[in-house]
Structure formats: structure tokens, C-alpha cells
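Reading through the C-alpha cells given below for one structure.
Only the coordinates and a few stated rules stand behind these numbers; no lab work does. Being a predicted model, the structure only gives us computed values, none of them experimental. Note that we place each Cβ from the backbone using ideal geometry, even for glycine, and neighbour counts take in every protein chain shown.
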Amino acid sequence: MGIFTPKKIFFTNGVGRHRQKLESFEAALRDAGIQQCNLVKVSSIFPPGCEIISREKGSQLLKPGNITFVVMSRNATNEPNRLVAASVGFAQPKDPAVYGYLSEHHSFGETDEKAGEKAEDMAASMLASTLGIEFNVDEGWDEKEQVFKLSGKFVKTSNVSQSAVCDKDGNWTTVVAAAVFIMDEDNGSVVGVQQ
């Protein structure tokens, strides 16, 4: 495995509110427990052999100031009573030597459940096409999920989502959902960086 191949991953979400947009984002990162890191957004591949760990265990491996790679979905609004959502979907293949997929989805007017379903559908569809599983792209998630499970090539699909309604005063409301990669337990992030 390469020097920047994640060994572990955890999922987290959060919501923040503040009169300033940037500070609402910071509050959302605090709620998600990842505010202390320098976050670098990456594209959406779940590495072969990567271990899924709990948010609690993953948070303990992070050190302040670490460069930390994430697949993150983020959305914000200051429109009173507007519903915002952010979601990261996940699809893991049965064969641990094969990579999986993560997907980001953000929207307005969708609940956690609806946004999560869309993100999960996107991740699973990308994995299915990579694995050569035939499916109807126009079918709903429930139908596609059955096809994917019956193929015997999937271990699981899931999502982490966060939605929130902006308050009546129009303070910024930011939602985040993230898959956080852990590279090395010794420093909580990137292997091989001299300190």
C-alpha cells in the first residue's frame, strides 16, 4: 500500500449556527468533532482493506493541526425556515481487495433520510458499474438495492447525513457530513511526514 493509503475511516456529521457563514461552518465542524484538523477534500474512493471504526475511536486518533483527508458534503443557508441537508454515501464490495465508493450529496428541502438515500444510491451505483453489475439507472433506490444485494458482490451500503432548518432570524445554518480517513495511528493522519 502507498504512503497515503488510508488504514481506517470513520463517519461523522454536524450542524452549526451563527450570524456569520464561516463561523457557522466552524460550529458544524466542532459538532462533527473534526474542527482541530486541516481538512483536505479528496475524491470518493474507499480504499481496499480500509477498516471502518467508530467516530469515538477515530476522533481519538486525530491530533490538532494534522493534515486530514476527508470526503465531505457541506451545505448552508441563511434563509429563514429553509431546510438544508448534507450526506455522504458509502458502498463496500465483498472482496476486500477491491475498492469501494463514497459519494457526496447536498440539497435543500430534503430530510436526513431522503438525502442519505440519494447519497447511498450514488455510491452503490458507482460500485455496481465498476463490478459489472447490470441495473436500471432509472429505478428507485429500493429496487436497485435489491439487485446489488442479490449480486453477492456487496458487503454493505450506508450513509451519514445531517439536515437542519434555518432559524426564523436568518442566522447562517451549516450542515456537514464526512468520511474521515486515518492514515497512521501514530500521528492520526499522514504517514511519513517528518515532525
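For Val137 and Glu56, the difference between the fully extended length at 0.36 nm per residue and the C-alpha to C-alpha distance is 25.5 nm.
Exceedance of the 29 Å cut-off in Cα-Cα distance is limited, within the set Lys57/Lys168; Lys63/Lys114; Lys41/Lys94; Lys41/Lys168, to Lys57/Lys168; Lys63/Lys114; Lys41/Lys168. Working note: Karplus 6.51/-1.76/1.60 with θ = phi - 60° gives the range 15-24 the couplings 9, x, 9, 6, 5, 9, 4, 4, 5, 5 Hz, where Gly and Pro are set to x. Over the chain, DSSP H runs of length four or greater, each weighted -39,500 (n - 2.57), average out per residue to a 222 nm ellipticity of -8000 deg cm²/dmol.
The range 82-131 and the range 27-68 have Cα centres lying 18 Å from one another. Phi angles across the range 122-137 convert, under the Karplus curve 6.51 cos²θ - 1.76 cosθ + 1.60 with θ = phi - 60°, into 3J(HN,Hα) values of 4, 4, 5, 5, 5, 5, 4, 5, 5, 7, x, 7, 7, 7, 8, 5 Hz, Gly and Pro given as x. 3J(HN,Hα) couplings calculated from phi for the range 52-60 with the Karplus curve 6.51 cos²θ - 1.76 cosθ + 1.60 (θ = phi - 60°) are, in sequence order, 7, 10, 6, 4, 4, 5, x, 4, 5 Hz; Gly and Pro show x. In this structure, the amide hydrogen of Val40, modeled 1.01 Å from its nitrogen in the peptide plane, lies closer than 5 angstrom to those of Thr68, Phe69, Val70, counting only residues at least 5 positions away or on a different chain. How much FRET efficiency would the formula 1/(1 + (r/R0)^6) give for Lys168 and Ser129, where r is the Cβ-Cβ distance and R0 is 30 Å, rounded to 0.05? FRET efficiency, Lys168 to Ser129: 0.10. Taking a straight Cα-Cα cut-off under 18 Å and skipping sequence neighbours fewer than 8 places away in the same chain, the aspartates and glutamates within cross-link reach of Lys7 are Glu51, Glu56, Asp95, Asp184, Glu185, Asp186.
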